[in-house]
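The values are calculated or read from the model by the stated rules, or taken from the named source; none is laboratory data. Keep in mind that this is a model prediction, so the values were computed, not measured. Heads up, the Cβs are rebuilt from the backbone with ideal geometry, glycines too, and the neighbour counts pull from every protein chain shown. Note: accessible area is taken over every heavy atom of the protein model, side chains too, but ligands, DNA and RNA are not part of it. Shrake-Rupley method; radii C 1.70, N 1.55, O 1.52, S 1.80 Å.
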Amino acid sequence: MKDVIRKRNEVGPRSRRITEQESLHMAPGLQSFALYSGLAMARGQGSHLYDEDGNSYVDFIAGIAFGSFTTEVRARFLELLASVTPSGLTRIQLFSGGAEAVEAAFRLAKSATKKFEFVGYSGAFHGKTGGVLPLLWGSFKDGLGPFVPGCYVAPYAYCYRCPLSLTYPDCGLACAEKTREVIRNQTGGAVAAVIVEPMQGTAGNVIPPPGFLTAVRDIAKEAGALFIADEMITGFGRTGKFWGVDHDGVVPDVMTVGKGVGGGFPLSALISTDELTKHPPFSHPSGSSSSYGGNPLASAAGLASLEIVTKEDLVANSERVGRAMLEKLVAMQEKHAVIGDVRGKGLMLGLELVKDRRTRELVSKDFTRALFQECLRRGLLSMSYPPVIRINPPLNIDAATALEGLEILDEALGAVVRERGLN
Ligand SMILES: Cc1ncc(COP(=O)(O)O)c(C=O)c1O
């Protein structure tokens with residue numbers, strides 16, 4: 001039987017242009033079929049895919065994921081994202097969840113350094129998957145051991161509850177020095193990376209003093225380890241600057257971002273340099289990618305969110321409204337003895353409720369559960385159920401609404417103290 005002569009598909013000019021645009025910022029290690037095809041996909045229908053130049057393809061890999069292909073929206077998103085990152089951090093790989101991006105950062109660190117140990121911090125939270133579980137703090141990992149070996153923990157700069165019982169600035173950042181000690185005395189000298197949250201979210205919006213991140217960066221460098229900043233919460237203006245690391249003027253080797261990057265849509269990313277991302281096995285075809293990372297819908301969500309953050313200057317809004325909220329919180333602290341500590345940068349604010357300002361003993365969880373309910377009843381949804389309260393409003397909140405929320409918290413706090421005392 002004679003072969004049917006078919007129209008031949010060629011990689012067309014639109015595919016070429018879009019994949020070239022994307023290749024400026026996409027990290028190596030994308031799915032093999034997407035890489036080898038050189039195509040930018042426009043749409044799918046039934047069992048066919050259509051590229052940006054109108055060529056059609058019978059789809060034999062749908063089960064693996066259409067989302068992996070280059071798309072115009074993804075190329076635009078990567079270009080915009082790379083334009084707002086700290087200097088040199090313009091290589092990006094996309095994922096769907098935060099822990100997934102952190103795990104990828106660990107794989108990158110191992111690939112680039114050929115080492116395999118990790119150092120994290122007391123109070124840390126980086127997600128709940130196997131590779132990062134050993135670096136979580138507190139009860140999150142109760143009953144989930146044994147953990148991956150080779151992970152070590154140094155004290156974070158949590159000044160209100162200094163792990164070394166010292167006071168800043170007289171302490172001379174002694175806690176950072178402990179990182180050096182952990183590396184020297186506890187690890188096997190094969191530290192691939194030190195991972196740190198520029199400000200700790202889950203631990204209670206804990207804000208390290210100036211110089212801490214710089215010291216940690218220097219110690220990581222000295223150990224030949226990468227410095228990973230987990231900007232999952234602190235990124236995209238949350239802290240009143242674009243990145244949490246901007247407060248200390250440090251540029252990490254790797255950043256992990258999530259949450260705000262997709263404006264609520266499941267999207268996360270690893271951001272690093274040309275040099276670090278080129279090491280195998282991270283850089284092998286399919287070496288760094290995932291099925292859903294960078295799918296068209298996630299990329300559209302990322303692009304839309306980032307356009308809004310930049311066009312509406314939400315970083316400035318975060319700084320301005322955050323400052324007004326912090327002032328109000330300080331005033332509330334003067335009024336309520338139960339507020340032991342108040343802190344904040346931008347729209348990442350925290351307060352600690354204590355029975356006694358001298359001992360700093362936290363109020364009970366029953367107290368804060370009652371507070372949470374009182375807030376809800378008055379129309380405020382807040383993370384006021386533990387004694388260390390985190391306040392993380394939307395980046396576009398206006399000052400009047402933000403202060404109204406604090407009025408409610410103020411009133412609810414007064415009511416709970418009146419009803420039950422400080423227990
Ligand atoms: C700093 C930080 N890193 C990583 C994660 C994990 O993100 P996900 O829950 O999307 O896996 C979180 C989640 O809260 C986080 O706060």
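Observations, loosely collected:
- When ALA176 is tested against (1) among the aliphatic types (A, V, I, L, M); (2) open to solvent by 10 Å² or more (accessible area, probe 1.4 Å); (3) more than 16 Å from the ligand (Cβ to nearest atom), just one condition goes unmet, and that condition is (2).
- Qualifying residue in the stretch 210-229 (condition: open to solvent by less than 10 Å² (accessible area, probe 1.4 Å), over 15 Å from GLN93 (Cβ atoms), within 12 Å of the ligand (Cβ to nearest atom) and in a strand (DSSP E or B)): yes
- Condition met for LYS241 (open to solvent by 10 Å² or more (accessible area, probe 1.4 Å), without any contact (Cβ under 8 Å) to a residue 24 or more places away in the chain and more than 13 Å from the ligand (Cβ to nearest atom)): no
- Residue pairs meeting the criteria (Cβ under 6 Å; at least 6 apart or on separate chains; first open to solvent by less than 30 Å² (accessible area, probe 1.4 Å), in the stretch 248-260; second among the charged types (D, E, K, R) and away from the ligand (no atom under 16 Å from the Cβ)): VAL250/ARG217
- Close pairs (6 angstrom Cβ cut-off, 6 or more residues apart or separate chains): touching a residue at least 60 places away in the same chain (Cβ under 8 Å) in the stretch 410-423, open to solvent by 50 Å² or more (accessible area, probe 1.4 Å) anywhere: LEU422/LYS355
- Qualifying residue in the stretch 55-63 (condition: away from the ligand (no atom under 16 Å from the Cβ), in contact (Cβ under 8 Å) with a residue 40 or more places away in the chain, aromatic (Phe, Trp, Tyr) and open to solvent by less than 10 Å² (accessible area, probe 1.4 Å)): no
- THR167 vs. criteria polar (S, T, N, Q), surrounded by 20 or more Cβ atoms within 10 Å (Cβ to Cβ), within 22 Å of ASP248 (Cβ to Cβ) and more than 16 Å from the ligand (Cβ to nearest atom): no
- The residues of the stretch 130-156 that are open to solvent by less than 30 Å² (accessible area, probe 1.4 Å) and away from the ligand (no atom under 16 Å from the Cβ), listed by number, are GLY150, ALA154, PRO155.
- Cβ-Cβ under 7 Å pairs, at least 6 apart or on other chains, the stretch 127-138 side under 18 Å from GLY258 (Cα atoms), far side open to solvent by less than 20 Å² (accessible area, probe 1.4 Å) and more than 11 Å from the ligand (Cβ to nearest atom): GLY131/PHE106
- Filtered residues of the stretch 245-262 (kept if within 14 Å of the ligand (Cβ to nearest atom) and over 25 Å from THR113 (Cα atoms)): LYS259, GLY260, VAL261, GLY262
- Verdict on GLY201 being touching a residue at least 60 places away in the same chain (Cβ under 8 Å), open to solvent by less than 10 Å² (accessible area, probe 1.4 Å) and within 16 Å of the ligand (Cβ to nearest atom): yes
- Matching residues, the stretch 394-422, being of a type outside the set (A, V, I, L, M) and in contact with a Ser or Thr (Cβ under 8 Å, 6 or more places away or on another chain): GLY405
- Single match in PHE236, PHE242 (criterion: at pLDDT 95 or above, farther than 17 Å from ALA124 by Cα and in contact with a Gly (Cβ under 6 Å, 6 or more places away or on another chain)): PHE236
- Residue match in the stretch 272-289 (condition: in contact (Cβ under 8 Å) with a residue 40 or more places away in the chain, of a type in the set (A, V, I, L, M) and within 16 Å of the ligand (Cβ to nearest atom)): no
- Looking only at the stretch 357-385, and only at residues there that are touching a residue at least 40 places away in the same chain (Cβ under 8 Å) and part of a loop (DSSP other than H, G, I, E, B), the one that is surrounded by the most Cβ atoms within 10 Å (Cβ to Cβ): VAL363
- Criterion violated by GLY188 - all others in (1) part of a loop (DSSP other than H, G, I, E, B); (2) open to solvent by 70 Å² or more (accessible area, probe 1.4 Å); (3) not charged (D, E, K, R) satisfied: (2)
- Within the stretch 81-129, the set of residues being away from the ligand (no atom under 13 Å from the Cβ), in a helix (DSSP H, G or I) and open to solvent by 20 Å² or more (accessible area, probe 1.4 Å) comprises SER83, VAL84, ARG107, LYS110, ALA112, THR113.
- All positions within the stretch 337-356 that are open to solvent by 30 Å² or more (accessible area, probe 1.4 Å) and more than 28 Å from the chain's Cα centre (by Cα): ALA337, LYS355, ASP356
- Selection status of LEU326, open to solvent by less than 60 Å² (accessible area, probe 1.4 Å), aliphatic (A, V, I, L, M) and not in a helix (DSSP H, G or I): no
- Checking GLU10, GLU72 one by one, the residue that is under 19 Å from ALA298 (Cβ atoms), of a type in the set (D, E, K, R) and touching a residue at least 24 places away in the same chain (Cβ under 8 Å) is GLU72 and no other.
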